[in-house]
1. When the Kirkwood radius is taken over all Cα pairs of region 150-284, what Stokes-Einstein diffusion coefficient follows at 4 °C and 1.567 mPa s, in µm²/s?
2. Which value results when the Cα radius of gyration for the chain is divided by 2.2 N^0.38 Å?
3. By how many nm would the segment from ALA273 to ALA18 grow when fully extended, if each residue of separation counts as 0.36 nm and the alpha-carbon distance is taken off?
4. Inverting the mean 1/r over all pairs of different Cα atoms, compute the Kirkwood radius of region 109-195 and quote it in Å.
5. For a label point 7 Å from the Cα of GLU50 along Cα→C-beta, name the residues of region 1-37 whose backbone N is under 20 Å from it.
6. Are there any helices in the chain, counted as whole DSSP H runs, that stretch 30 Å or more along their axis by Cα and score at least -0.5 on average by Kyte-Doolittle, and if so which?
7. Mind checking the log10 I(q)/I(0) for region 206-291 at q = 0.11 Å⁻¹? Debye, one equal scatterer per Cα, no solvent, two decimals.
8. Taking Rh as the Kirkwood radius, which is the inverse of the mean 1/r over Cα pairs, what is the Rg/Rh value for region 6-156?
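Rule-based calculations on the coordinates, nothing more; no lab input. Being a predicted model, the structure only gives us computed values, none of them experimental. Glycine gets a Cβ as well: all are built from the backbone with ideal geometry, and neighbour counts include every protein chain shown.
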Amino acid sequence: MLPTSLDEAVEALGASPAAVPVAGGTDLMEAVNAGRLRPAALLGLGRITELRGWRYEDGGTAVLGAGLTLARMDRPDFAALIPGLADAARTAGPPQTRNVGTLGGNIATAAATGDTLPVLAALEAVVTLARAGGTREVPVGHLLTGLDPIRPGELLTWVRVPLLHAPQVFLKATGRSGPARATASVALVLDPARRAVRCAVGAVAPVPLRPLEAEAWVAGCIDWSARGEEGAHLIDPAAAAAFGEYVATACVPDAYGADGALLVEGPTAAAVALRRTVAVLARRALGRALK
């Protein structure tokens, strides 16, 4: 099925709820080729141009099309709009992957290593799901955790992201140089209007994790009134380092990598190593955001 409009796609999916929507197919075709997925039918979204751009809405919100490619998000105009997503898109893989991989595909596949997912979680984005007869909106965090998943016959169409006009940082660690899947990633967003910090850690669990207590604690350590002053020190370096440790401990359990074995005492070696990585990423992300 190759619809040319969003209405046609929703109608086709309503008639064949078992069909799997496909845009870039970077994750889907890997699963098909590996034998992990055998879709009854495919719904091609490549001809629906309205899903490949974005628009602004009143109230300071950007509405991003699910067909927006990772390569398009890396361009300067988009990076000025949502820098965290641009950073994530830039590191998502080699050019051939970024040229066809889409934002909606990243969300729908919900791979643990999906680079855009921690940023969307930190931004508290909301997705629009369309079906014959109407639409509904779901926080991206609820969708990824399965609290409110995509239902049969629904098509992910738009992603609503609040425009904070404030620093956003995405950092990730990989097992090798060059484009590669993350072993850990951190997205950090400042929200000066609310004097808040929002952070999400990716790749260490099946879904991005929000260390809410660490966010609230570090927000109280920042001198928000000094933002914009030349030479101002917004946070004590010791507090920034403690934030990194706080995030790492909150997101990486003692039993990480234990393969079900009972722990005698303390964290596993894998947990210690991963916590060290996450702590460094979180501390650096906070430091860059506060510069």
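1. D, rounded to a whole number, is 77 µm²/s.
2. My calculation over the Cα atoms of the chain gives 1.04.
3. Values: separation 255, 0.36 × 255 = 91.80 nm, distance 4.20 nm.
So the chain would gain 87.6 nm between ALA273 and ALA18.
4. Working: mean 1/r = 0.0685 Å⁻¹.
Answer for region 109-195: a Kirkwood hydrodynamic radius of 14.6 Å.
5. The answer is 1-16, 21-24.
6. Working: long enough: 269-290 (32 Å, 0.85).
Length and hydropathy pass: 269-290.
7. Taken in order of the listed q values, log10 I(q)/I(0) reads -0.37.
8. Value, to two decimals: 0.94.
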